[in-house]
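S.K.: Before we start, here is the structure in question, set down as structure tokens.
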Amino acid sequence: MAKAQDTPDVPAAPLWIRRPEVLHVVAYAVAALVFIGQIVAVALRGSEWPTVLSVLLAGAGVAVSWRMPWTGLVVASAASFAVTAVGQDPLSVWMMAVLVLFSVTLRGKQPLIGIVIVAGCFQGAFMTLGGFRGGAFVGAAALFSAISGGATGGALHLHRVHWSILEERAETALATREIEATRRVTEERLRIARDLHDIIGHQVAMLSLHLGVAEIGLPADAESSRQALVSARSSTRTVVVETQRILELLRRGDDISDDEALRPTPALSGLDGLIASFESIGLDIQPSIDIPAGFVEPSIGVTVYRVVQEALTNAFRHGEGTATVDVRERDGTIRVTVDNRVGHAPRGPGSGGGLGLVGMRERVESSGGRLTIDGDGGRFRVRAEFSPSGGVVR
């Protein structure tokens, strides 16, 4: 299955969405730098061991939060009490705790709980022990920084989840369209097979009839010819029976009415009725049909009928104004052209997404024809060319 970001309709996801660990690494790298800076400051000031221990407690909280987010967040936040209790400014510890809070909420943990833990420890240390340089102003800044850290991590997590959902929907839509296209093509191939079997069955039955007439007309002494004709008629009966079995198998499970199943195979002679049926539902059609009397392969007649049917269906659903239908024979080639102006809003149930055109192309190519579809200039035009004998059109 194609990934959503590989399709031209969906933009590529940002790096931090595809690689969320990058933000975690950045947050912990900044926290590590703050911790190292605090250790260096403690060493340069020659602080006593309680101060060193309180700073190490904050660093331990940052390290533990990598594997155990809630435990590490509680330890890093509680270190502000320890630092304040020994008479030091807890602002560095506060920065490490906010960075841990950002990473924890970015993983999808509950932001409100994390904000309560960090803000509660900061405000508890400020109200009970004091020690913030700047007094209440810095205490309020610490509170809002905790809220911002938790809210930012939570928002980025929700954005990443939303993006993942959109990608999944795009992939599902793409897969569904591919499945639908395959299904429609398969249905059209079965429809082609049914039409061709109807034609073959009719032709073989006629062949059997002519063989019977030839058998009756033989002279009495032509025994060997009579036996050959009897064998040929027996073979044609077998073909008819097998064709009927195949037709029954192909039609099994079709969701069509009995009248539709018994309807004769479409042909060129049915084009007038087809056009009239579309006119009866409101489609304005300007027909021009000029096929001279002569032999046309039945399979070609079925294909011409189906091409006109699908093209008029598209004209009704997606077009507007008058649709022109031109079917004529020129220079030994049957040419079919259906032209209509492109509309703005589809009519009728189900747009089809152009999948019917896939089946149309399958049918035309299976008959040795050539199909051209043109949608430029605000008009939609379907052209098909066939050899009357069923040969390949060059």
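The values are calculated or read from the model by the stated rules, or taken from the named source; none is laboratory data. Quick caveat: nothing in here was measured; it's all calculated off a predicted structure. Note that we place each Cβ from the backbone using ideal geometry, even for glycine, and neighbour counts take in every protein chain shown. To get the accessible areas, we keep the full protein, side chains included, count just its heavy atoms, and leave off ligands, DNA and RNA. Shrake-Rupley method; radii C 1.70, N 1.55, O 1.52, S 1.80 Å.
A quick yes/no check of all residues on (1) assigned to a strand (DSSP E or B); (2) modelled with pLDDT of 90 or more; (3) touching a helix residue (DSSP H, G or I) at 6+ places or on another chain (Cβ under 6 Å):
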{"residue": "GLU310", "(1), (2), (3)": "no, no, yes"}
{"residue": "ASN314", "(1), (2), (3)": "no, no, no"}
{"residue": "VAL338", "(1), (2), (3)": "yes, yes, yes"}
{"residue": "PRO349", "(1), (2), (3)": "no, no, no"}
{"residue": "GLY353", "(1), (2), (3)": "no, no, no"}
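S.K.: Among the residues of the stretch 259-286, which ones are at pLDDT 80 or above and open to solvent by 70 Å² or more (accessible area, probe 1.4 Å)?
M.R.: The answer is SER269, ASP272, GLU279, SER280, ILE281, ASP284, GLN286.
S.K.: Out of all the residues in the stretch 155-179, which are closer than 21 Å to VAL358 by Cβ and of a type in the set (D, E, K, R)?
M.R.: ARG177, GLU178, listed by residue number.
S.K.: For the list (1) touching a residue at least 24 places away in the same chain (Cβ under 8 Å); (2) surrounded by 15 or more Cβ atoms within 10 Å (Cβ to Cβ); (3) closer than 19 Å to LEU101 by Cα, I need the number of the one condition that THR51 fails.
M.R.: Looking at each condition in turn, THR51 falls short on (3).
S.K.: Filter the stretch 178-229 for residues that are of a type in the set (A, V, I, L, M, F, W, C) and out of contact with any helix residue (DSSP H, G or I) (no Cβ under 8 Å at 6 or more places or on another chain); which is modelled with the highest pLDDT?
M.R.: It comes out as ALA228.
S.K.: Another one. Determine whether PHE144 is modelled with pLDDT of 75 or more and open to solvent by less than 40 Å² (accessible area, probe 1.4 Å).
M.R.: No: the conditions fail for PHE144.
S.K.: List pairs: first in the stretch 294-319 and free of Cβ contacts under 8 Å to residues at least 40 places away in the same chain and within 27 Å of ILE200 (Cα to Cα), second open to solvent by 30 Å² or more (accessible area, probe 1.4 Å) and part of a helix (DSSP H, G or I), Cβ under 7 Å, 6+ apart or cross-chain?
M.R.: Pairs that qualify, where the first residue is free of Cβ contacts under 8 Å to residues at least 40 places away in the same chain and within 27 Å of ILE200 (Cα to Cα) and the partner is open to solvent by 30 Å² or more (accessible area, probe 1.4 Å) and part of a helix (DSSP H, G or I), are GLY301/LEU268; TYR305/LEU268.
S.K.: Just to be sure I understand the filter: pairs with C-beta atoms under 6 Å, separated by 6 or more residues or on different chains, first member in the stretch 32-43 and free of Cβ contacts under 8 Å to residues at least 24 places away in the same chain, second member open to solvent by 40 Å² or more (accessible area, probe 1.4 Å). Which pairs pass?
M.R.: Matching pairs, first to second residue: VAL42/VAL52.
S.K.: Quick one: what pairs do we get from the stretch 326-338, first residue touching a residue at least 60 places away in the same chain (Cβ under 8 Å) and closer than 18 Å to PHE295 by Cβ, second open to solvent by less than 40 Å² (accessible area, probe 1.4 Å) and part of a strand (DSSP E or B), C-beta under 8 Å, 6+ apart or different chains?
M.R.: THR333/PHE386
S.K.: Condition first: modelled with pLDDT under 70, among the aliphatic types (A, V, I, L, M) and surrounded by 13 or more Cβ atoms within 10 Å (Cβ to Cβ). Can you find one or more residues in the stretch 125-139 that meet it?
M.R.: yes
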